[in-house]
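Reading through the structure tokens given below for one structure.
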Amino acid sequence: THNGISVELRIVAPQSFGSELMLCSASPPHRAELDAVAAGNDAAEAIGECGEEAEAFRRLGLAVIAPELREGRGEVAAAASGTLPDLVCESQIRGDLHAHTTLSDGRNTLEEMVEAAIGRGYEYLAITDHSASHGFGNNVTPAELERRIEEIAAYNQTLRERGREFTVLAGSEVNILPDGSLDYADELLARLDWVVASVHTSFRIGQAAMTERITTAIAHPEVDCIGHPSGRLLLRRQAYELDIDAVIAAAAEHSTMLEINGNPRRRDLDEDSARAAAGAGVAIVCNTDAHGIDTLGANMAYAVATARRAWLEPAQIANTQSWPALKDRGRSADGGP
């Protein structure tokens with residue numbers, strides 16, 4: 001194509017379409033595993049003439065493997081044993097917990113973002129405008145955040161009076177400072193419904209310091225979730241140096257959630273880290289990091305796609321739950337489980 005992407009077009013007979021689709025959508029490791037199954041399968045010679053993918057998998061003695069899993073990471077063995085995950089679907093997401101408005105660097109007002117979320121069938125939306133030391137302008141001062149908390153309380157009252165079953169959450173995307181502290185006072189953070197803490201500055205402090213920085217924030221009793229944990233921007237910025245295993249362990253210890261950020265430039269956590277985190281018992285949040293009503297819808301598809309690549313089921317995604325259930329997941333007074 002004009003921007004260098006190579007495209008291969010294959011024309012096949014209708015009766016072979018399913019077989020070709022199954023094989024052409026496979027990564028090399030996945031294809032090798034399918035070939036190994038076919039080599040010992042009496043029906044394998046007939047696989048080349050299947051109009052539907054499901055029939056091709058059936059003839060191999062396998063459950064249908066979702067395209068997102070065709071990477072050679074154990075999915076063929078799981079398909080043979082009937083232990084494939086029941087992957088999360090976008091329709092199961094009940095709310096978005098990372099969104100911005102014109103109070104910081106968003107393009108739409110609080111009211112516009114809420115109406116868009118209601119239009120998507122959500123039950124709740126967390127407004128998480130950038131905190132005082134965001135570093136890129138359009139930050140929210142403590143006084144402005146206090147006013148926003150009161151504004152959201154009044155807005156929720158209006159929604160209830162109108163019979164609209166929707167909850168706006170007063171939140172913030174708080175900057176994690178180099179020493180792991182946060183840039184709002186604890187007393188102000190305690191007034192919020194939802195706190196997502198993220199690194200936005202000082203990316204090159206080294207692995208040990210960055211890991212300590214993030215794990216310190218994870219242990220903070222007012223932090224609910226770590227946003228875009230690795231800091232990568234695809235095709236623009238590598239992830240900062242970070243011991244992701246230590247971050248996952250800290251998140252599991254303190255019952256702090258980790259985000260899959262649906263911004264297509266981020267997709268962060270990536271699928272490997274998200275799968276490891278969920279396996280350690282960490283709750284994953286699929287968020288959009290929406291800065292407008294357009295990305296409030298579009299970015300969730302990317303977040304959920306990454307979760308599916310990570311083998312995640314609905315129970316492992318925090319925001320497949322209602323807000324009351326999510327709110328009551330439980331954190332002790334010191335931030336531990």
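For the reader, a short list of remarks on this structure follows.
- Placing unit charges on the Cβ atoms of the charged side chains and taking the dipole of the chain about its Cα centre, the candidate lying farthest along the positive direction among Ile317, Ala301, Leu159 is Ala301.
- Of the peptides 169-177, 314-322, the ranking by mean beta-carbon count within 10 Å, highest at the top, reads 169-177, 314-322.
- Cα centre as origin, Lys/Arg/Asp/Glu Cβ charges: the chain dipole, Debye: 320
- Net length available on complete extension from Leu159 to Glu90 is 22.3 nm, with 0.36 nm assigned per residue and the Cα-Cα distance removed.
- Cα centroid separation, the range 1-77 to the range 103-149: 45 Å.
- Here is how the number arises for the chain: DSSP H runs of 4 or more residues each give -39500 (n - 2.57), the sum is divided by the residue count, and the result at 222 nm is -11000 deg cm²/dmol.
- Sequence ranges 51-59, 250-258, ranked by mean other-Cβ count within 10 angstrom, highest first: 250-258, 51-59
- Contact order relative to length of the chain, as percent, for alpha carbon pairs under 8 angstrom and 6 or more apart: 16
- Rounded to 10°, Cα long-axis angle of helix 207-219 versus longest principal axis of the chain: 70
- In the chain, the longest principal axis of the Cα atoms and the axis of helix 244-254 are about 60 degrees apart.
- Label-to-label distance, Asn41 versus Asn138, with points set 7 angstrom from Cα along the beta-carbon direction: 5.1 nm.
- Net charge over other residues, Cβ less than 15 angstrom from the Cβ of Glu165 (K, R count +1; D, E count -1): +2
- Taking Cα atoms only, the orientation of helix 142-161 departs from the longest principal axis of the chain by about 70 degrees.
- Of the options (i) 15.7; (ii) 32.9; (iii) 19.6, only one is mean projected area of the Cα convex hull in nm² as computed from these coordinates, and that is (iii).
- Formal net charge of residues neighbouring Pro178 (Cβ-Cβ distance under 12 Å; K, R +1; D, E -1): -1
Taken together, the values in this text are just the output of simple stated rules run on the coordinates, not laboratory data. Given the structure is predicted, the values throughout are model-derived calculations rather than measurements. Counting neighbours? That spans all protein chains shown, and the Cβs are built from the backbone with ideal geometry, glycine included.
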